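We did not get these values from a lab; they are worked out from the coordinates using the rules stated. Model, not experiment: these values are computed from the prediction. Glycine also receives a Cβ, built like all others from the backbone with ideal geometry; neighbour counts cover every protein chain displayed.
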Amino acid sequence: MAAPYTREQVVAMAPDSSSVKAAQKLLSPAKWPLLAGNEEAVWGHCRGSGRNPYEVQVDLAEPAFKCSCPSRKFPCKHGLALLQIRADQEAAFSLGEACPDWVREWLDSRRQRAEAKAAKAAARSETIADPEAQAKRREKRRQTIETGLDEFELWLQDVIRQGLVKAAERQMDSWSTMAARLVDCQAPGLAGYVRAMHGCLGQGADWPARFLGIAGRANLAIQAFRRWESLTPELQADLRSFCGWSLDQVEVLQSGERCPGDWQVLGQATVDRGQFEEQRTWLQATADGRFALLLSFVAGSQTQVLTLAPGSAFTGELVYYPSAAPERAILPSPPENPRPLETMRPVATVSEALGQLAEAVARCPWTKRRPVAIDAMRLARRGERWLLVDRGGASLSLHSAFQRPWHLAALAARDPVAIFGELSADGLLPLACQSPEGFFSLPFTATEHARI
Amino acid sequence: MLSELATTIMLGSGRLQSLPAHEGALGEALAKTSRLPTEQQVLAAASLLATSERAGMLPQVVAEEEVLPPCPADASPTCSVLAADVLRQILGTRPALLPEWLELAAAAGQVAPPSCLEELLEWGRRETASQAAIRTVCGMTGSWLGRLNPRWEYAIASPSDDDKQLWEEGRQPEREGLLRRLRQEDPGRARELIVEAFAVEHADCRTAFIATLETGLAAADEAFLDRALDDRSTRVTAIAASLLSRLPDSALSQRMAERLRSHLKVERKFIKGRRLVVEPPDEPFDAEALRDGLQEQGKGSGKLGKVAHRLVELVRLTPLGVWDAFDLGGPASVLMAIEGTDWRDALVQGLAVRAVAEADADWCLALLAIAPGKAVIDRRALRRALPREQREAQLASDLAEGRGKAARELLLEVLESQEEPAGPRLSRQLVASAQQAISQHKDDWQLRNVLPILGLLIAPECLSQALAGWPADHTHWTYYASQYAEFDLTIRLRTRIYEGFQHE
């Protein structure tokens with residue numbers, strides 16, 4: 001029985017690097033009075049500080065983790081260690097056993113919940129099938145947002161009339177009130193733009209231009225909203241997500257584009273935003289190189305539902321959110337039997353990558369970043385800044401938030417490497433790299449707490 | 001464009017006369033905004049400019065010299081995927097195993113893969129002792145990175161022919177290392193460098209340098225060492241005297257032997273055979289004796305009296321060969337004869353120091369076999385002075401024969417003092433002794449604490465058996481289980497290290 005996940009995949013499932021380290025301390029089977037498994041699940045007892053060992057179990061299908069330890073991390077070190085031991089030291093396991101009761105119960109309850117969820121979704125899609133009521137609800141929300149936007153527009157014009165110097169001197173209240181107002185009017189996305197405008201005041205020499213850029217994009221949303229009826233459904237959807245009026249999954253499943261096929265998981269970025277954690281997981285279709293973004297938001301102690309490890313690949317169906325430049329998607333059923341990815345599909349030049357960004361902006365003017373994979377990149381240095389250079393000598397700045405430029409330099413020391421990352425006005429933020437040595441995930445983590 | 005507009009409206013949109021002109025579609029779109037009130041016009045223009053700036057990003061131009069030069073290929077092959085995997089794990093959790101990994105990689109002539117270099121080089125930056133080994137396994141890529149990143153400068157491989165530069169500009173430990181190496185290749189040249197340095201260097205440096213003469217010590221060094229007896233630093237003179245006494249034919253050795261002989265006599269007895277008689281050195285050492293490195297007892301040093309101390313000094317600096325002249329037999333017989341004297345402790349204590357200095361296996365073994373009595377005997381030093389095989393055989397049989405407390409003491413002593421993996425026989429014995437000790441001692445914290453160290457000391461060829469036979473069902477076991485798990489993990493990781501370097 002082959003190991004279901006490789007060590008690299010297991011490492012990529014960890015919520016942070018300290019969990020990886022903690023798990024590595026548990027790799028000795030001597031800490032595990034019980035290690036067993038079958039095709040469906042693996043389970044074990046891990047000796048901890050308490051009197052009774054922890055009961056650790058992993059449903060291999062997704063994988064999903066459960067452990068009786070009190071850790072808030074998910075998956076916890078015990079679950080990670082269990083899968084790593086399975087990957088490295090198969091002999092330590094007694095395999096092919098029937099699940100004991102405590103595992104069986106959990107697996108069964110998971111199956112039941114999944115079925116119940118599917119049934120509920122089916123039921124809901126039927127209730128939504130009442131198109132009149134739905135249209136009414138939508139219209140009501142649109143009007144609420146429009147009220148908020150009218151206020152927002154006046155406020156923005158006021159800010160501009162008084163000038164950027166005055167804007168920087170404004171009381172905190174002015175910003176937080178406006179943001180709160182937009183939240184009340186059900187446009188939390190725009191509230192985020194108010195916070196972003198406040199956040200860039202006086203930060204760096206180019207702040208006036210950045211400030212005006214955000215104001216400009218917000219203004220574009222306001223003006224577009226006035227012309228709601230004339231917009232294509234795709235642009236309406238983009239505008240909705242810009243305002244924070246997101247489509248719910250049922251709507252997406254109903255109207256979104258379905259894309260079955262082979263997908264590779266290329267990268268992951270996790271941003272801690274205070275009350276919740278945002279995780280961006282990037283996929284690329286093996287067939288045509290198309291990208292997809294899986295977004296998940298996890299609040300406090302809640303657990304990440306989906307654990308897709310960069311460097312893996314799976315066969316399954318994605319459903320894209322409707323958009324003029326489709327990118328965000330959902331995965332209706334969890335992927336089965338993930339396998340290691342073969343190779344990313346890069347474009348050859350920086351110009352092509354920039355072209356992809358330009359096209360996405362042209363289709364949806366609120367596009368902030370665009371995933372790109374570029375082949376044969378080398379590194380360059382200009383003072384303390386890093387640049388990524390393609391085969392023809394065209395280059396992009398390396399995003400200043402990228403944490404491991406020297407690691408990347410080492411990987412690209414001899415041969416140029418293919419780099420996957422997020423391209424934005426601030427440069428390219430690498431999330432993975434493919435060198436002759438292999439595929440390397442460069443997970444990005446950041447903390448962005450709003451000040452208001 | 002956006003920044004121009006932003007600058008214009010810093011003090012309010014009233015300042016805006018007209019939007020900057022622009023060609024093409026963007027210009028036309030901007031022109032359309034002119035009908036709007038100023039603040040609306042500014043916002044509309046900002047929308048257009050922000051969007052077009054994002055869509056119109058251009059590649060940056062890079063000068064060829066800004067691009068990092070490609071790193072030349074390594075002549076050495078990269079280590080296996082498994083070895084790299086273990087390396088990452090070691091760096092994350094068990095850095096104590098890093099030296100072993102580095103050594104195996106160097107022995108296999110393999111380098112670490114690029115994906116491990118950042119962590120490895122950062123590690124070396126903090127742990128300066130491992131820098132040389134890390135430099136080797138980082139290969140050409142390490143040198144390349146070291147030239148780019150000043151924090152990793154140490155990884156730049158220095159060509160071997162710049163010894164001169166190293167000697168002239170290196171720091172003291174590097175110069176010391178150079179001298180030790182040179183002493184093996186060209187001892188005379190190394191001595192010349194030391195002689196040169198003695199004229200100018202301070203006492204710390206002189207002490208360190210003269211000590212390097214121990215490597216490849218020969219009669220040719222005598223003249224310099226003899227001059228060094230007149231050095232200002234007592235540390236330097238002490239080393240010089242000790243080194244001279246290691247040259248059996250040196251004038252100092254002759255003088256020492258003469259002195260010792262004047263205090264020891266062998267009487268022939270009709271019935272009991274030979275008897276050793278000591279004539280105690282009652283007189284303080286004279287100037288010449290002091291120059292030769294003999295020291296009077298300092299305040300509060302040792303339990304022995306003044307006279308006994310002089311005896312220790314005399315024995316300590318006299319070549320062991322002098323004992324042959326008494327015709328008492330081998331070391332064991334000499335020690336037996338010493339038992340019968342009134343100065344037994346002083347003689348034994350001096351001999352124990354001397355035996356270590358000469359690394360004389362017979363004498364070390366004989367001294368280890370006797371009870372120390374009141375003499376201060378450094379048993380660890382005596383063991384270390386033995387050739388490895390002999391030492392380990394000795395330890396293994398001592399451990400095997402030991403019982404109860406004594407066996408536990410010895411086990412702890414070995415685990416705390418052993419610095420590298422033991423040979424197979426001692427490895428097996430250490431495991432057996434630890435297993436036995438655990439079942440005999442409940443709640444022994446010292447024993448529990450040394451269990452992880454045991455994992456580092458097992459011979460590579462014994463790793464596969466090291467996890468067998470532990471008393472996991474013994475009632476005492478839970479107390480030791482957590483530390484045993486550390487031992488267990490170390491053994492498994494080390495097994496994987498060896499697997500990683502097995503093929504090719």
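Dividing the Cα convex hull volume of region B:23-155 by residue count, how many Å³ per residue is that? All intermediate terms of the calculation are to be shown ahead of the outcome.
Values: hull volume 26.4 nm³, N = 133.
Looking at region B:23-155, the number lands at 199 Å³ per residue.
Can you give me the Cα centroid spacing of region B:29-91 and region A:410-452 in angstrom?
Result: 11 Å between the Cα centres.
About its Cα centre, what dipole magnitude does chain A give when the only charges are +1 on Lys and Arg Cβ and -1 on Asp and Glu Cβ, stated in debye to the nearest 20? Don't skip to the answer; put the middle values down first.
Numbers: 53 positive and 52 negative charges, 226 e Å.
In debye, rounded to 20, chain A gives about 1080.
Can you give the Rg to Rh ratio of region B:417-504, both from alpha-carbon atoms, with Rh computed by the Kirkwood formula?
On the way: Rg = 13.1 Å, Rh = 13.3 Å.
With Rh from the inverse mean 1/r over Cα pairs, Rg/Rh is 0.98.
So how far, in whole Å, is the C-alpha centre of region A:240-277 from the one of region A:16-89?
30
Of all the C-alpha pairs in region B:286-365, what % are more than 13 Å from each other?
Working: 2188 of 3160 pairs.
Considering region B:286-365, 69 percent of its Cα-Cα pairs are separated by more than 13 Å.
Give me a single rounded figure for A:377-390: the average over its residues of other chain Cβ atoms within 10 Å of their Cβ. Don't skip to the answer; put the middle values down first.
Numbers: counts 0, 5, 4, 8, 6, 4, 1, 0, 1, 1, 6, 2, 7, 2.
The per-residue average across the peptide is 3.
About the Cα centre, and with charges only on the beta carbon of Lys, Arg (+1) and Asp, Glu (-1), how big is the dipole of the protein assembly as shown? Nearest 20 debye, please.
2060
Can you pull the mean other chain C-beta count within 10 Å for peptide B:110-121? Walk me through the numbers on the way to the answer.
Details: counts 0, 0, 1, 5, 14, 8, 3, 6, 8, 2, 1, 2.
Mean shielding by partner chains, rounded to a whole number: 4.
Mind pulling the per residue volume of the convex hull built on the Cα atoms of chain B? Å³ is fine. Please list the in-between numbers first.
Values: hull volume 146.1 nm³, N = 504.
For chain B, the hull spanned by Cα atoms encloses 290 Å³ per residue.
Return the inverse of the average 1/r over all pairs of distinct C-alpha atoms in region A:187-317, which is the Kirkwood hydrodynamic radius, in Å to one decimal.
On the way: mean 1/r = 0.0573 Å⁻¹.
With all distinct Cα pairs of region A:187-317 included, I get 17.4 Å.
Dividing the alpha-carbon radius of gyration of region B:1-84 by 2.2 N^0.38 Å (N being the number of residues), what value is obtained? Each step should come with its number before you reach the end.
Numbers: Rg = 24.2 Å, N = 84, 2.2 N^0.38 = 11.8 Å.
Scaled against compact globular proteins, the figure is 2.04.
Report the calculated FRET efficiency for A:L253 and B:W477 (r = Cβ-Cβ distance, R0 = 60 Å), to the nearest 0.05. Provide the component values of the computation, followed by the final result.
Working: r = 56 Å, r/R0 = 0.93.
Calculated transfer efficiency: 0.60.
Report the equivalent ellipsoid semi-axes for region B:291-336 in whole Å, largest first, defined as the square roots of five times the eigenvalues of the gyration tensor built from alpha carbon atoms.
Values: eigenvalues 126, 36, 9 Å².
Largest first, region B:291-336 gives 25, 13, 7 Å.
Return the ratio Rg/(2.2 N^0.38 Å) for region B:177-319, where Rg is computed over Cα atoms only.
Details: Rg = 17.9 Å, N = 143, 2.2 N^0.38 = 14.5 Å.
Taking N as the residue count of region B:177-319, the ratio is 1.23.
Work out, step by step, the length gained on full extension between B:A361 and B:S397: first 0.36 nm times the residue separation, then minus their alpha carbon distance; give nm to one decimal. Please report the intermediate quantities before stating the final value.
On the way: separation 36, 0.36 × 36 = 12.96 nm, distance 1.66 nm.
That works out to 11.3 nm of additional length.
Give me the angle, in degrees from 0 to 90, between the Cα long axis of helix B:477-500 and the longest principal axis of the Cα atoms of chain B, rounded to the nearest 10.
For B:477-500 against chain B, the angle is about 70 degrees.
Net charge near A:Q264, counting Lys/Arg +1 and Asp/Glu -1 over other residues with Cβ under 9 Å of its Cβ?
On the way: positive: A:R345; negative: A:D262, A:E342.
So the environment of A:Q264 carries a net charge of -1.
Over the Cα atoms, compute the radius of gyration (one decimal) and Dmax (the largest Cα-Cα distance, rounded to a whole number) for region B:348-504, in Å.
Final numbers for Rg and Dmax: 17.0, 57 Å.
Divide by every residue of the protein assembly as shown the summed helix terms, -39500 (n - 2.57) for each DSSP H run of at least 4, and state the resulting mean residue ellipticity at 222 nm, rounded to the nearest 500 deg cm²/dmol.
Working: 38 runs with 479 residues, N = 956.
Using -39500 (n - 2.57) per qualifying helix, the result is -16000 deg cm²/dmol.
Stretch B:K405-B:R35 to full length: gain in nm at 0.36 nm per residue minus the Cα-Cα span? It would help to have the intermediate numbers written out before the result.
Details: separation 370, 0.36 × 370 = 133.20 nm, distance 9.98 nm.
So the extension gain works out to 123.2 nm.
Let me see the pair-distance distribution of region B:345-439: every alpha carbon pair, 10 Å bin width, integer percents in order.
16, 47, 31, 7, 0
Using label points projected 7 Å from each Cα along Cα→Cβ, tell me how many nm separate B:R274 and A:E40, to one decimal.
Roughly 8.6 nm, to one decimal.
Hey, could you pull the Cα Rg and Dmax for region A:329-411, both in Å?
15.8, 48
Hey, if you put +1 on the Cβ of every Lys and Arg and -1 on every Asp and Glu Cβ in region A:239-350, which of A:L318, A:P335, A:V347 ends up farthest toward the positive end of that dipole?
Toward the positive end, the furthest listed residue is A:V347.
Report the normalised scattering of chain A as log10 I(q)/I(0) at q = 0.07, 0.10, 0.12 Å⁻¹, calculated by the Debye formula with identical scatterers on the alpha carbons.
Computed log10 I(q)/I(0) values: -0.42, -0.85, -1.17.
Take every DSSP beta bridge whose two residues both sit in chain A, then give the antiparallel share in percent to the nearest 5.
On the way: 69 of 78 bridges.
Looking only at bridges with both residues in chain A, the antiparallel portion is about 90 percent.
Kirkwood Rh over alpha-carbon pairs of region B:49-98, then Stokes-Einstein at 4 °C and 1.567 mPa s: what D in µm² s⁻¹, rounded to an integer?
Numbers: Rh = 16.0 Å.
Roughly 81 µm²/s, to the nearest whole number.
Express the relative contact order of chain B as a whole percentage, based on alpha carbon pairs under 8 Å and six or more residues apart in sequence.
On the way: 550 pairs, mean separation 48.3, N = 504.
Normalised by residue count, the contact order of chain B is 10 percent.
For region A:264-404, compute Rh as the Kirkwood radius over C-alpha pairs and then the Stokes-Einstein diffusion coefficient at 20 °C and 1.002 mPa s; write the answer in µm²/s, rounded to an integer.
On the way: Rh = 16.8 Å.
The diffusion coefficient I find is 128 µm²/s.
Can you work out the PRE-style zone for B:Q297? Point 7 Å along Cα to Cβ, and I want the residues of region B:310-328 with backbone N under 13 Å.
Hits in region B:310-328 for B:Q297 at 13 Å: B:310-313.
Express the Stokes-Einstein translational diffusion coefficient of the protein assembly as shown in µm² s⁻¹, to the nearest whole number, given a Kirkwood radius over alpha-carbon pairs, 10 °C and a viscosity of 1.306 mPa s. Intermediate results must be reported in sequence, preceding the final value.
Values: Rh = 34.6 Å.
Answer, rounded: 46 µm²/s.
When the distances between all Cα atoms of region A:42-85 are binned every 5 Å from zero, what whole-number percent does each bin get?
Per 5 Å bin, starting at 0, the Cα pair percentages come out as 5, 25, 36, 23, 7, 2, 0.
Of A:K66/A:K140; A:K66/A:K136; A:K31/B:K442; A:K25/A:K120; A:K73/A:K117; A:K120/A:K140, which pairs sit farther than 32 Å apart, going by alpha carbon to alpha carbon? Kindly include the intermediate steps, with their values, before the conclusion.
Details: A:K66/A:K140 42 Å; A:K66/A:K136 43 Å; A:K31/B:K442 20 Å; A:K25/A:K120 42 Å; A:K73/A:K117 25 Å; A:K120/A:K140 25 Å.
Violating the 32 Å Cα-Cα cut-off are A:K66/A:K140; A:K66/A:K136; A:K25/A:K120.
With a point put 7 Å past each Cα toward its Cβ, work out how far A:D272 is from A:Q143 in nm, to one decimal.
About 4.4 nm separates the two model spin labels.
Which FRET efficiency value, to the nearest 0.05, do you get for B:V81 and B:L26 by plugging their Cβ-Cβ distance into 1/(1 + (r/R0)^6) with R0 = 41 Å? List each step's numbers first, then the result.
Working: r = 53 Å, r/R0 = 1.29.
Computed FRET efficiency for B:V81 and B:L26 comes out at 0.20.
For region A:141-211, just the Cα set please: Rg and Dmax, both in angstrom.
Rg and Dmax of region A:141-211, Cα atoms, are 12.3, 39 Å.
Quick check: convex hull of the Cα atoms in region B:166-239, volume per residue, rounded to a whole Å³?
Working: hull volume 5.8 nm³, N = 74.
Per-residue hull volume (Cα only) is 78 Å³.
Taking 7 Å along the Cα-to-C-beta vector as the label spot, tell me the B:E339-A:E336 distance in nanometres, rounded to one decimal.
Inter-label distance under the simple model: 8.3 nm.
Under unit Cβ charges (Lys, Arg +1; Asp, Glu -1), what dipole magnitude, rounded to 20 debye, does chain B have relative to its Cα centre?
With Lys and Arg at +1 and Asp and Glu at -1, about 1740 debye.
Suppose R0 equals 35 Å. What FRET efficiency, 1/(1 + (r/R0)^6) with r the Cβ-Cβ distance, do B:K164 and B:A223 give to the nearest 0.05? If you can, show how the numbers build up before the last one.
Details: r = 25 Å, r/R0 = 0.72.
FRET efficiency, B:K164 to B:A223: 0.90.
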